[in-house]
Structures are given as structure tokens and as C-alpha cells.
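Trainee: Pasting in a structure now, in C-alpha cells, and then I'll have a few things to ask.
The values are calculated or read from the model by the stated rules, or taken from the named source; none is laboratory data. Nothing here was measured: the structure is a model prediction, and the numbers come from that model. Here Cβ is always computed from backbone atoms with ideal geometry, including for glycine, and neighbour counts include all displayed protein chains. Just the protein is used for accessible areas: all its heavy atoms, side chains included, with ligands, DNA and RNA removed. Shrake-Rupley method; radii C 1.70, N 1.55, O 1.52, S 1.80 Å.
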Amino acid sequence: MLHRTFIYSPLPARVIFGPGSLAELPTEFAQLGIGAALVLCTPEQVALAESVAALLGKRCAGVFAKAAMHVPIEVARAAREQARAVGANGIVAIGGGSTIGLGKAIALESDLPILAIPTTYAGSEMTPIYGITAAGEKKTGRDIRVLPRTVIYDPSLTTSLPRGMSATSGLNAIAHCVEALYADNGNPITSLMAENGIRALAEGLPEVMTQPDNIDARSQCLYGAWLGGSVLGATSVALHHKLCHTLGGMLHLPHAETHAVVLPHAVAYNAVAVPEIMKKVARAIGAGDAAQGLFELSRRLGVPMSLRELGVAYQDLDRVADAALQAPYPNPRELSHEGIRALLENAWSGRVPVSNSASQGKAGTER
Ligand code: NAD
């Protein structure tokens, strides 16, 4: 039953989805009216970018193959300069969140349209969120100019994503969906997308672990990632993302792995405030309890299960808890230092999360 008011304001998106859909690139590109594209990629994906350049033929003005995690400002400047130098009037970003993020850094200053071809499950292609790192600090913002105009989702480009990255990137996408379900600016449509995103990923990821080349499983995961990116772009994020941003910023932890470790514990913390939503999450992953179901899923996928494994020192937990309470994001459950500290300790140890308020003040069970 609908019992609250909401605003539904979808972002414009043109999505071409399906195995082999990369072949649509020249047509899609022409529709955007782009005559000279700068193709972006990381050094690891240069062969793929070259194949895209070949597909574009005369419409490719150059390849910039230096995309790097968290968009360092120096890389953004070099890419902007190359875009100017070759007279690019459009960007093709092929790769994960780092490459698409670089495209956004160019678009932010130039208004150039982006055509994104995602090859991970990060979901950046569906959001107007950008981030640029300068002097060790990542500044993020929202600007509709950085939202890709067209997104080509070709699951066959994701079969090369290693198992470990597939798992952590997929859990990152699940995190987008989970937090959208209890976002203070969510709505029934984003909730539908979020629940289905969790379901698609929870079904697809275990299959990808055993059969990385299985196109049906890869399609399922990429579909879930699309939904995850869409709801991330449309709603605000809460405690889970705040903790990941704090841990990532202070301790330089890897993005997707941090999400994978923290999510079950953030869910356990929030469960008491939004029990009906947690039932949806549990239903979508086929578990009795959302936090424990997510924890079990992570274990099945073989991802790191503790902050300790990611190299976090026990002594850092207090200052991370302090920092996470500064400028907090809207969250369904009130934040207390004691509660966040206990959550972090559980995540640090890799304990099974327990979804009730009483458990947040003390340790869970050792796994
Ligand atoms: P990534 O883009 O950094 O990619 C990691 C590595 O995997 C790179 O070397 C890349 O070349 C390689 N790779 C990507 N796809 C591959 C494939 N199919 N096969 C083999 N190798 C492949 O990783 P990511 O997790 O996609 O992105 C993380 C970044 O994206 C972070 O900086 C994060 O903050 C940002 N992000 C931004 C948003 C947003 O809305 N702005 C959303 C999610 C993530």
C-alpha cells in the first residue's frame, strides 16, 4: 500500500542491451551526431579500445588509454587536453567506473556527450555523479552534463572480468540497490528496480563464479548492475556508502572489496529501523535474513570477508567511526558512535552479522 508522498524524476537514458550489442556502436554514435570521438580506456583494456576505434573508423579521433582509479586530476587534465587537441566532439568510454569517471571529468568542463560501454558492474554509466581526486582528496558532485547519453550493455564484454572482480563489483551493485530501498528520496519505481537488481545479481553472480563465460549469467549480472546504477543515480545513499567512502578516503582501501565487506554489517545495523525493507532484500536473495543472507552470498562468492583482510589496523577503527559520524548521509537508523564502532568491529573481524538493535553494542559470532 502506498502510504507516503514521493517525487519521481527519472534521468534520461538510452540503453542498448544484449550480447553482441557493441555492433550497434556506429549507428548509436551517428545518432548522437558525433563526428570525432575520443575513446577512453585503462592501459589494461587498450586492445578492446582499439577494436572500438576500428569499429568507429573515421569517426575515431584518438584513443586515450590512461584512465586510472578515482580519476586523478592529472589524468583528467591530460585527457581534456587530448580531447581538445584532436577536436573531439564526443567521448566513448569503454571499461569500468574508472574509465567512465574519466569521461565524466571531460564532460564536466566541455559538455561533450558520452557514450558509455561498461565492462564491470559499478554502474557509473547510469549516474550524474562524478568524482575527481586532487592532492589525495576525492571530490564528488552531481551534474546532469556528465550523465552518459547512450549506454551499450554488451554482456559478452564482461566474460573477461576475473571472478574476484566480478564478485566484488556485483556486490557493489547490490549495495546500490539495498541503499536505494531505504533512501530518504526513494520512490516505488526505484524500489521495484532495486529489488529486481538484487535478485538478478544474487542469481547471476554464483553462476558466474562457476562459469565465467556463461552469457546468460553474465547478462543477468549486467542487468542487475544497470538497475543498481540507475537507482544510485536517482536516490541518495546512506550509512553503508558513508562508511565505504570514509574507509576508502582515509585508508585507501579498494573500492569494490570495501563495499563487499561492509554491506552485510551496514544492513544489520539498519535492519531494526526498516524491517519491511529488509524482508524485501532477504526475499530478493532467497534468504531468511537480509544481513546474514548477504554475508552468506559473499562467502559463497569467495570475496574478502573482513576489513582485517583488506589491511585495516584494529587501532584505526575508532577514528574511522569518528569520521563516519561527521557530515553523515541521511540514514533510516540514528547513528551513534557506539553503534558504528561495533559495526566496524564486526566488519573488521568478519563476524556473522546479527540483525537486531541489541547486537550492535556487542560482538556477533566468530565465523
Ligand atoms: P575500474 O574501472 O577501476 O576497473 C578495475 C580494473 O578492471 C581496470 O584495470 C580495468 O581495466 C579492468 N577491467 C574492467 N572491466 C574489465 C573486463 N571486463 N575484463 C577485464 N578487466 C576489466 O573498477 P570499477 O569497480 O568498475 O570502478 C571503480 C571506480 O568507479 C571507483 O573510482 C568508484 O568510485 C567509481 N564509481 C563511480 C560511480 C559513479 O556513479 N560516479 C559509481 C560506481 C563506481
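Trainee: Would the range 14-84 count as rounded, prolate or oblate if I go by the C-alpha gyration tensor, calling it rounded below 1.5 in a/c and otherwise prolate when a/b exceeds b/c, oblate otherwise?
Mentor: Cα axes put the range 14-84 in the prolate bin.
Trainee: Quick one, what does Rg over Rh come out to for the range 19-165 if you take C-alpha atoms and the Kirkwood Rh? List each step's numbers first, then the result.
Mentor: Details: Rg = 13.8 Å, Rh = 14.8 Å.
Using Cα coordinates only, the ratio equals 0.93.
Trainee: Then there is this: Treating each Cα of the range 196-265 as an identical point scatterer and ignoring solvent, apply the Debye formula and state log10 I(q)/I(0) at q = 0.19 Å⁻¹.
Mentor: Scattering profile of the range 196-265, log10 relative to I(0): -0.87.
Trainee: In terms of modelled amide H atoms, which long-range or inter-chain residues lie less than 5 Å from the amide H of Leu40?
Mentor: Placed amide hydrogens put Phe64, Val92, Ala93, Ile94 under 5 Å from Leu40.
Trainee: In degrees between 0 and 90, to the nearest 10, how far off the longest principal axis of the chain does helix 215-234 point, with axes built from Cα atoms?
Mentor: Helix 215-234 sits at roughly 80 degrees to that axis.
Trainee: When you count, for each residue, the other Cβ atoms within 10 Å and take the mean per peptide, how do 254-262, 303-311 rank with the highest first?
Mentor: 254-262, 303-311
Trainee: Which whole-Hz couplings ³J(HN,Hα) result when phi for each residue of the range 8-20 is put into the Karplus expression 6.51 cos²θ - 1.76 cosθ + 1.60, θ = phi - 60°, listed in order with x for Gly and Pro?
Mentor: Calculated HN-Hα couplings, in order: 10, 9, x, 8, x, 7, 10, 10, 10, 10, x, x, x Hz.
Trainee: Over the Cα atoms of the range 163-360, compute the convex hull volume and normalise it per residue, giving Å³.
Mentor: Hull volume over Cα atoms, normalised by residue count, gives 98 Å³.
Trainee: Could you do me a favour and compute the accessible area per residue for the chain, 1.4 Å probe, result in Å²? List each step's numbers first, then the result.
Mentor: Values: 14840 Å² over 367 residues.
Per-residue value: 40 Å².
Trainee: When the convex hull of the C-alpha atoms of the range 113-200 is computed, what volume per residue in Å³ does it have?
Mentor: Once divided by residue count, the hull of the range 113-200 is 137 Å³.
Trainee: Further, regarding this structure: Residues in the range 96-117 near a label at Ala78, defined as backbone nitrogen under 18 Å from the 7 Å Cα→Cβ point?
Mentor: Once the point is set 7 Å along Cα→Cβ of Ala78, 96, 98-107 turn out to lie under 18 Å by backbone N, inside the range 96-117.
Trainee: Here is a follow-up. Please report, in whole Å³, the volume per residue of the convex hull around the C-alpha atoms of the chain.
Mentor: Roughly 126 Å³ of hull volume per residue.
Trainee: Roughly what would the spin-label model give for Arg4 and Ala68, points 7 Å off Cα along C-beta, in nm?
Mentor: For Arg4 paired with Ala68, the spin-label model returns 4.2 nm.
Trainee: Evaluate the Debye formula for the range 220-320 with equal point scatterers sitting on the alpha carbons, no solvent, and hand back log10 of I(q)/I(0) at q = 0.20, 0.22 Å⁻¹, in q order, two decimals.
Mentor: Rounded to two decimals, the profile gives -1.20, -1.38.
Trainee: Of the candidates Ile117, Ile189, Ile198, which one comes out as most mobile in a Gaussian network treatment of the chain with C-alpha springs shorter than 10 Å?
Mentor: Looking only at Ile117, Ile189, Ile198, the biggest GNM fluctuation is shown by Ile189.
Trainee: Which order, highest average first, do 89-95, 290-296 follow once you tally other Cβ atoms within 10 Å for each residue and take the mean per peptide?
Mentor: In descending order of packing, they fall as 89-95, 290-296.
Trainee: What number, rounded to the nearest 500 deg cm²/dmol, is the helix-based mean residue ellipticity at 222 nm of the chain, given -39500 (n - 2.57) per DSSP H run of at least four residues and division by all its residues?
Mentor: -16000 deg cm²/dmol
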